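Presented below is the structure to which this report refers.
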Amino acid sequence: KFPNGRVCYSGNKCEKIFTNNAERQKRGENIFEYKRGLIFNRPVKPGGLRIGIPRVLDIYENYPFWHALLTGCGFEPMLSGESSHELYQKGLGAILSDNICFPAKLAHGHVADLAEKGVDRILLPMVVYEKKEFSDSSNSFNCPIVTGYGEVLRSTLANAGREPVPFDTPTVNFDDLKLLKKTCRKYCVGLGASRAAFSKAFEAALRAQGEFKESTVRRNREILEKSEGGGRLAVLVASHPYHIDNMIHQQVSQTLADFGVDVVNEETALDGADGGFDEYCTISQWQYPNRVLKAAQWAARRQRKIGFIQLNSFGCGPDSFIMDEVAGLAKRSGMPYLLVRVDEASSPGSIRLRLRSLVESLKLKAGSGAISGAPAARVAEFGKADAARKILVPWFSDFHSPLVPAIGQLAGYDFENLPRPDRESVDCGLKYANNEICYPATIVVGDIIKGLKSGRYDISSIAVGMTQTGGQCRATNYLSLIKRAMANEGFSHVPVVAIGTAGITENAQSGFKLNWARAGLPALRGIAFADAISQMYYATAAREKGGKRSAELRDNYIAGCVALMKAGKSGRLVRLLKKAVADFNDVPADVSGVPAVGVVGEIYIKYNSFGHYGIVDWLVGNNVEVVVPPLMEFFLHTIVNTAARAREFVARADIGSRLANVGARAMEAATRKLNDVMEKFRYFRPTPHIVEAASMASEIMSLNHQYGEGWLISAEVASLSRQGVNEIVCVQPFGCIANHVVGKGMEAQIKHHYPDVNMLFLDFDPGTAAVNIQNRLHFLVQNSSIAVNTTPQMRMSG
């Protein structure tokens with residue numbers, strides 16, 4: 001205490017009560033507190049079917065819609081409780097993937113809470129598309145977790161020893177009102193609502209959702225106007241909708257408000273935000289990250305400085321790209337920026353310290369928000385004059401990559417494979433990708449930069465090629481990383497072309513058009529031929545001591561395939577395969593009683609020997625027959641996908657989908673003769689027709705899981721088990737958001753239908769120790785009574 005009556009508090013931990021400010025700080029406005037009440041404080045009329053809705057994931061975006069729809073149909077929507085440590089612990093035992101994001105882990109506790117409340121059913125829709133909010137965005141996807149995690153929750157709930165509760169996951173497209181109405185009508189009428197009641201309820205639901213969004217945007221505007229009028233500090237906290245959950249949020253906005261700061265959120269960008277996504281390199285495909293990108297643009301351009309905080313869940317796949325983009329924009333514009341990582345480990349002290357630092361620095365900032373410097377990384381467009389360039393592509397598979405130059409030649413371009421990846425590729429890739437980017441992206445980026453800097457190529461006459469799926473998986477954004485890395489290394493004058501597996505790409509390449517009319521059929525035959533050689537090699541080498549003759553045949557016949565394709569004689573591959581079958585059948589089988597192990601999982605890790613640390617060769621060296629599903633299945637499943645999307649009201653059955661279906665059936669017909677020849681192979685394992693495979697998968701999961709490998713993993717496991725192959729290794733990059741659902745997430749359902757299956761999930765990233773992978777494989781083979789020779793060594797990446 002001082003003579004003038006002032007008091008200084010030392011060591012205090014509660015600044016709300018004990019403060020050294022001369023005047024008590026007036027608390028700031030907080031959009032998050034307003035929005036929480038706006039979402040969930042809605043009247044419920046007791047009576048009718050009690051439908052439990054877990055307070056998780058996209059329910060934080062769409063609950064006003066579902067509340068109004070269910071209430072209008074005479075049902076009683078019942079929310080799970082607010083998140084707490086106690087609620088979280090209720091679901092801990094059901095979590096199948098320990099490196100998944102916290103919002104997904106937390107969902108298990110909410111479902112358990114609803115089951116305890118005795119609801120009649122549980123509803124967590126499978127929302128593929130949100131309503132598109134920006135006309136210039138590429139798409140309005142949800143990430144695979146938000147879309148598909150309901151099926152994981154349903155599976156784990158059924159195996160948690162609780163009373164079974166019907167769990168509904170209807171497939172939803174919020175961006176197409178006609179399809180949305182069909183989905184909702186099928187669901188509500190199926191539960192007993194009348195069609196008249198549904199029609200009124202649907203219109204009421206659309207109004208409720210629209211009013212909710214308008215109210216949030218309007219409140220953001222009011223807070224900003226009041227903040228500017230009073231000369232107060234303002235901070236935009238950008239996040240995904242479910243980050244508003246108090247437990248996930250970790251008191252970020254409340255702490256800022258206690259500091260006297262006014263807080264708005266990313267939906268500020270919905271209020272007439274200008275500018276496109278061209279400040280960024282990433283593809284604007286995910287709805288919630290699109291808001292964050294737009295909000296960052298808006299904040300960076302403001303005349304009056306505003307702080308920008310991005311909340312990020314550890315393990316968030318889309319944000320692994322987005323946070324780098326926002327950080328780059330903040331650096332170019334001088335925007336005060338802070339990334340706050342949140343997970344189940346609460347750390348209020350450190351978060352509070354970082355928030356205070358941002359606020360204090362914000363007080364010192366002044367001036368306009370003009371963005372300075374160059375925009376996001378750009379590379380040259382591939383124009384018509386670039387058609388003669390050599391196009392470098394990353395190595396993918398030891399069986400299929402050798403065909404790439406021949407396919408490129410037939411399609412009218414000079415394709416060349418980059419060297420096989422190695423540890424240098426990984427080290428190089430890590431310079432341009434944060435640790436949460438999936439492992440294949442790190443390898444591929446490293447391969448390309450390593451190749452461009454190797455001195456092997458005339459940089460003025462080359463381009464870079466990369467496949468692009470255009471789906472919900474992160475793989476669509478590999479191009480973003482490649483372009484950024486190339487620009488940063490001074491290769492911005494080298495064009496990049498995207499090769500779309502669905503015939504659609506999002507890349508500037510006006511001069512690149514593959515001649516599929518000429519190359520398509522030979523490419524399909526070549527892929528099917530390589531699949532056949534792969535099956536024969538793995539089955540024969542496991543039975544031949546040393547596998548030397550098998551390896552020799554493998555290399556000779558792949559080379560023969562390439563020669564026929566380059567000569568335009570792919571029709572002769574049937575004859576060549578007959579000879580290959582005869583030769584592999586003649587290899588002496590020196591080992592008897594060979595067991596089999598199936599390998600499924602993420603496409604790059606599954607087929608790339610460096611990506612999976614050479615586990616396939618290791619198993620073969622231990623006289624284990626490895627059954628790797630054919631690559632052709634990945635292309636053929638388009639037959640099923642288009643039909644499933646139309647059947648479940650995800651997409652309209654237009655002429656494009658019909659053409660895709662016809663094309664996929666043509667693929668099947670083109671390779672049928674090769675498949676017939678394979679029946680003469682002595683260790684032949686038939687691959688089911690893709691429609692039959694889909695039927696098997698549909699018993700386990702919805703066929704609208706079409707991100708990553710989607711339902712194909714379940715189909716492959718089911719097919720393997722029916723052939724007696726029950727020891728299965730599922731490989732994926734560490735933190736693969738698709739495999740959290742379609743791989744690891746489906747284990748309980750797979751075991752329910754195929755109880756003899758024993759699955760080993762192996763995650764790969766730059767820091768994975770080969771010895772750990774090898775130890776886990778030892779357990780697998782020992783469990784299967786397989787004698788293991790410790791001599792063969794796994795190919796190690798570190």
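State all residues of segment 314-350 that are without any contact (Cβ under 8 Å) to a residue 12 or more places away in the chain and among the hydroxyl-bearing types (Ser, Thr, Tyr); if no residue qualifies, say none.
Ser350
Select, from Ala487, Ala523, the only residue that is under 18 Å from Ile448 (Cβ atoms), of a type in the set (Gly, Ala, Ser) and assigned to a helix (DSSP H, G or I).
Ala487
Looking at Arg484, Arg420, Arg474, which is the one that is modelled with pLDDT of 95 or more and either basic (Lys, Arg) or under 30 Å from Val146 (Cα atoms) (or both)?
Arg420
Going through segment 534-567 one residue at a time, which ones are among the charged types (D, E, K, R) and either out of contact with any helix residue (DSSP H, G or I) (no Cβ under 9 Å at 6 or more places or on another chain) or surrounded by fewer than 15 Cβ atoms within 10 Å (Cβ to Cβ) (or both)?
Within segment 534-567, Lys545, Lys548, Glu552, Asp555 meet the criteria.
On the basis of being crowded, with 20+ Cβ neighbours inside 10 Å and either at negative phi or at pLDDT below 95 (or both), does Ile17 make the cut?
Against the criterion (crowded, with 20+ Cβ neighbours inside 10 Å and either at negative phi or at pLDDT below 95 (or both)), Ile17 does not qualify.
Within segment 170-195, can you find the residues that are among the hydroxyl-bearing types (Ser, Thr, Tyr) and in contact with a Phe, Trp or Tyr (Cβ under 9 Å, 6 or more places away or on another chain)?
Thr171, Thr183
Cβ-Cβ below 7 Å, separation at least six or inter-chain, first residue in segment 430-457 and within 15 Å of Lys483 (Cβ to Cβ) and of a type in the set (Asp, Glu), second at pLDDT below 90 and buried (at least 21 other Cβ atoms within 10 Å of the Cβ): which pairs?
Cβ pairs passing all conditions: none.
Report whether or not Gly451 is in contact with a strand residue (DSSP E or B) (Cβ under 9 Å, 6 or more places away or on another chain), on the phi < 0 side of the Ramachandran plot, of a type outside the set (A, V, I, L, M, F, W, C) and modelled with pLDDT of 95 or more.
yes
Which members of segment 70-81 meet the condition of being touching a Lys or Arg at 6+ places or on another chain (Cβ under 7 Å) and either in a helix (DSSP H, G or I) or open to solvent by 20 Å² or more (accessible area, probe 1.4 Å) (or both)?
Residues satisfying the conditions are Thr71, Gly72, Glu76, Met78, Leu79.
Scan segment 383-404 for residues that are under 15 Å from Met565 (Cβ atoms) and open to solvent by 30 Å² or more (accessible area, probe 1.4 Å) and jot them down.
Pro402, Val404
Read through the list (1) open to solvent by less than 10 Å² (accessible area, probe 1.4 Å); (2) at pLDDT below 90; (3) not β-branched (Val, Ile, Thr), then give the number of the only condition that Cys8 fails.
(1)
Considering each residue of segment 521-541, count those that are more than 28 Å from the chain's Cα centre (by Cα) and closer than 30 Å to Gly383 by Cβ, and give that number.
3
Could you tell me how many of the residues in segment 199-225 are open to solvent by 50 Å² or more (accessible area, probe 1.4 Å) and farther than 21 Å from Val189 by Cβ?
7
Tell me, yes or no, whether segment 333-347 has at least one residue that is within 27 Å of Asp765 (Cα to Cα), of a type in the set (Ser, Thr, Tyr) and under 20 Å from the mean Cα position of the chain (by Cα).
no
Mind counting the residues in segment 293-332 that are open to solvent by 10 Å² or more (accessible area, probe 1.4 Å), over 24 Å from the mean Cα position of the chain (by Cα) and of a type outside the set (A, V, I, L, M, F, W, C)?
Within segment 293-332, residues that are open to solvent by 10 Å² or more (accessible area, probe 1.4 Å), over 24 Å from the mean Cα position of the chain (by Cα) and of a type outside the set (A, V, I, L, M, F, W, C) number 7.
For Lys182, work out the one condition from (1) open to solvent by 50 Å² or more (accessible area, probe 1.4 Å); (2) under 23 Å from Phe40 (Cα atoms); (3) basic (Lys, Arg); (4) under 31 Å from the mean Cα position of the chain (by Cα) it doesn't fulfil.
(2)
Which one of the conditions (1) at positive phi; (2) surrounded by 14 or more Cβ atoms within 10 Å (Cβ to Cβ) does His240 fail to meet, given that it meets all the rest?
(1)
Output the residues belonging to segment 33-53 that are more than 35 Å from the chain's Cα centre (by Cα) and either under 30 Å from Gln250 (Cβ atoms) or open to solvent by 80 Å² or more (accessible area, probe 1.4 Å) (or both).
Pro43, Val44, Lys45, Pro46 - these are the residues of segment 33-53 that are more than 35 Å from the chain's Cα centre (by Cα) and either under 30 Å from Gln250 (Cβ atoms) or open to solvent by 80 Å² or more (accessible area, probe 1.4 Å) (or both).
Starting from residues that are within 25 Å of Ile750 (Cβ to Cβ) and assigned to a helix (DSSP H, G or I), keep the ones in segment 84-101 and report whichever is least open to solvent (accessible area, probe 1.4 Å).
Per the stated criteria, the residue is Ala94.
Can you pull out every residue in segment 716-726 that is in contact (Cβ under 8 Å) with a residue 40 or more places away in the chain and under 29 Å from Gly317 (Cα atoms)?
Once the filter is applied, which keeps residues that are in contact (Cβ under 8 Å) with a residue 40 or more places away in the chain and under 29 Å from Gly317 (Cα atoms), segment 716-726 yields Glu716, Val717.
Mind listing whichever residues of segment 697-742 are open to solvent by 10 Å² or more (accessible area, probe 1.4 Å), part of a helix (DSSP H, G or I) and in contact with a His (Cβ under 9 Å, 6 or more places away or on another chain)?
Ser721
Consider His752 against the criteria (1) assigned to a helix (DSSP H, G or I); (2) crowded, with 23+ Cβ neighbours inside 10 Å: it satisfies all of them except one. Which criterion is unmet?
Only one criterion in (1) assigned to a helix (DSSP H, G or I); (2) crowded, with 23+ Cβ neighbours inside 10 Å is unmet by His752, namely (2).
Looking at Val677 and the list (1) assigned to a loop (DSSP other than H, G, I, E, B); (2) open to solvent by 10 Å² or more (accessible area, probe 1.4 Å), which single condition is not satisfied?
Checking Val677 against (1) assigned to a loop (DSSP other than H, G, I, E, B); (2) open to solvent by 10 Å² or more (accessible area, probe 1.4 Å), the one that fails is (1).
Scan Val172, Val152, Val165, Val189 and give me the residue that is open to solvent by less than 60 Å² (accessible area, probe 1.4 Å), assigned to a helix (DSSP H, G or I) and touching a residue at least 12 places away in the same chain (Cβ under 8 Å).
One residue alone meets the criteria, Val152.
Identify the single condition in (1) open to solvent by less than 30 Å² (accessible area, probe 1.4 Å); (2) out of contact with any helix residue (DSSP H, G or I) (no Cβ under 8 Å at 6 or more places or on another chain); (3) in contact (Cβ under 8 Å) with a residue 12 or more places away in the chain that Ala498 does not satisfy, given that it satisfies every other one.
Every listed condition holds for Ala498 apart from (2).
Looking only at segment 401-436, which residues are in contact with an Asp or Glu (Cβ under 6 Å, 6 or more places away or on another chain) and assigned to a loop (DSSP other than H, G, I, E, B)?
Matches in segment 401-436: Leu418, Pro421.
As an exercise: evaluate Ala380 against (1) modelled with pLDDT under 90; (2) open to solvent by 20 Å² or more (accessible area, probe 1.4 Å); (3) more than 28 Å from the chain's Cα centre (by Cα) and give the number of the one condition it does not meet.
Condition (3) is where Ala380 drops out.
The values are calculated or read from the model by the stated rules, or taken from the named source; none is laboratory data. This one's a predicted model, so the numbers in the text were calculated from it and none came from an experiment. Reconstructed Cβ throughout: ideal geometry from the backbone, glycine too, with neighbour counts over all protein chains shown. Just so you know, the surface numbers come from the protein's heavy atoms only, side chains and all, with ligands and any DNA or RNA stripped out. Shrake-Rupley method; radii C 1.70, N 1.55, O 1.52, S 1.80 Å.
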